[in-house]
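Okay, structure first, notes after.
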Ligand code: PMP
């Protein structure tokens, strides 16, 4: 038997998404997945674990709708925003014939989810400083040999840290009314509230906003993400979603995180993270080994070092695991560092300073 022939042709060629956890690395300080430095304490009861949960648990949907000031019919919940990205591919895009448009460097799952679902991928080119406008996408569409059904934009972007301007988004939504514009707001809580684009779903039927509890809410282990869109879009995605996408313990924990006290904790966490990012950035500016620090609107910094590999290896030897973007176009010598606890950031700075002194 030729085992390879059992695997679908497009999966044979697939390069899976290499999450920070899958890449692994031996260490004690993990600053490679943009996670919050610590978890809060939650309680849950197991009385209903013998029962299947609702497909879209009402209390969870209402809690997130309240958080965003939207209606429950405009919200869909799933296992992280990663699942939502795949759901968009499966619901809206014809396999092989149609595709998506992305602007690298961007979040890697858009391309992997497209490849997994046998959906085509086209690329828009950014400005030299990595900024992006509606024009970059509209221009790219002129040369794409298949129908682009969705454009994926992360704002704030990963790993670049920059936001997509609202006026550019509106131009895109107006110019391309038959294309879904997916704005991935995984890091939105870390930026100016003016970059919360959720309210635009009322005006634009082609807009989907994706959200997560993994970052500012410090619940990456919970796997809980949301799509926010016009009810027609939500209904279409609900045709495709798995029968029980949100486990009951997740619902109970997410509800606590989205209650008034949970939101206040999140806001305090964001404030602290932003202060720590500013302190860390200032200290980095003093280091001769640093070439450039990208302006960040999120809980991480992307840094171009003079010798990125040397920095990555030196920190990794000390048990500090970062994320290298060395192999991504335009990001040679670039490393993304999550803003962790004060102790973790001190440890990074100490190691970098020692490294500088030794050279
Ligand atoms: N979007 C972006 C831009 C991300 O950086 C990440 C996490 N790495 C995700 C989505 C996935 O988040 P979730 O944990 O909700 O699947």
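The values are calculated or read from the model by the stated rules, or taken from the named source; none is laboratory data. Just so we're clear, the structure is a prediction, and the values are computed from it rather than from any experiment. Glycine also receives a Cβ, built like all others from the backbone with ideal geometry; neighbour counts cover every protein chain displayed.
Worth a mention:
- Check on residue 181, touching a strand residue (DSSP E or B) at 6+ places or on another chain (Cβ under 8 Å) and not in a loop (DSSP other than H, G, I, E, B): yes
- All conditions but one from (1) in the same structural domain as residue 108 (by TED's automatic domain parsing); (2) in contact (Cβ under 8 Å) with a residue 24 or more places away in the chain; (3) farther than 14 Å from residue 245 by Cβ apply to residue 72; the one that does not is (2).
- Within the stretch 69-88, restricting attention to residues that are more than 15 Å from the ligand (Cβ to nearest atom) and in a helix (DSSP H, G or I), the residue that is surrounded by the most Cβ atoms within 10 Å (Cβ to Cβ) is 74.
- Failed item in (1) under 19 Å from the mean Cα position of the chain (by Cα); (2) crowded, with 21+ Cβ neighbours inside 10 Å; (3) within 16 Å of the ligand (Cβ to nearest atom), with residue 191 passing the rest: (2)
- Residues satisfying the stated conditions in the stretch 114-153, i.e. in contact (Cβ under 8 Å) with a residue 60 or more places away in the chain, under 24 Å from residue 22 (Cα atoms) and not in a strand (DSSP E or B): 115, 116, 118
- For the residues 63, 4, the requirement of being away from the ligand (no atom under 16 Å from the Cβ), modelled with pLDDT of 95 or more and farther than 30 Å from residue 346 by Cα singles out 63.
- The set of residues from the stretch 89-113 being assigned to a loop (DSSP other than H, G, I, E, B) and within 20 Å of residue 146 (Cα to Cα) comprises 93, 94, 95, 96, 97, 103, 104.
- Here residue 292 does not qualify as within 19 Å of the chain's Cα centre (by Cα), over 29 Å from residue 204 (Cα atoms), surrounded by fewer than 19 Cβ atoms within 10 Å (Cβ to Cβ) and outside the structural domain of residue 191 (by TED's automatic domain parsing).
- Among (1) surrounded by 12 or more Cβ atoms within 10 Å (Cβ to Cβ); (2) closer than 19 Å to residue 240 by Cβ, the one test that residue 20 misses: (2)
- Matching option when the condition is in the same structural domain as residue 225 (by TED's automatic domain parsing) and touching a strand residue (DSSP E or B) at 6+ places or on another chain (Cβ under 6 Å), among 194, 157, 134, 122: 122
- So residue 357, is it out of contact with any strand residue (DSSP E or B) (no Cβ under 8 Å at 6 or more places or on another chain) and either part of a helix (DSSP H, G or I) or over 30 Å from residue 123 (Cα atoms) (or both): yes
- The numbered conditions (1) under 22 Å from residue 77 (Cα atoms); (2) within 15 Å of the ligand (Cβ to nearest atom) are all true for residue 161 except (1).
- Residue match in the stretch 225-237 (condition: surrounded by fewer than 17 Cβ atoms within 10 Å (Cβ to Cβ), more than 30 Å from residue 50 (Cα to Cα) and outside the structural domain of residue 21 (by TED's automatic domain parsing)): yes
- Options 307, 327; residue that is under 30 Å from residue 104 (Cβ atoms) and modelled with pLDDT under 95: 327
- Per-region count, the stretch 1-40, residues under 18 Å from residue 110 (Cα atoms), assigned to a loop (DSSP other than H, G, I, E, B) and without any contact (Cβ under 8 Å) to a residue 24 or more places away in the chain: 1
- Listed conditions (1) out of contact with any strand residue (DSSP E or B) (no Cβ under 8 Å at 6 or more places or on another chain); (2) over 16 Å from residue 77 (Cα atoms); (3) free of Cβ contacts under 8 Å to residues at least 60 places away in the same chain are all met by residue 207, apart from (1).
- Residue count for the stretch 200-222, restricted to those that are buried (at least 20 other Cβ atoms within 10 Å of the Cβ) and either more than 12 Å from the ligand (Cβ to nearest atom) or part of a loop (DSSP other than H, G, I, E, B) (or both): 11.
- Residues in the stretch 174-188 that are away from the ligand (no atom under 13 Å from the Cβ) and touching a helix residue (DSSP H, G or I) at 6+ places or on another chain (Cβ under 7 Å): 175, 180, 181.
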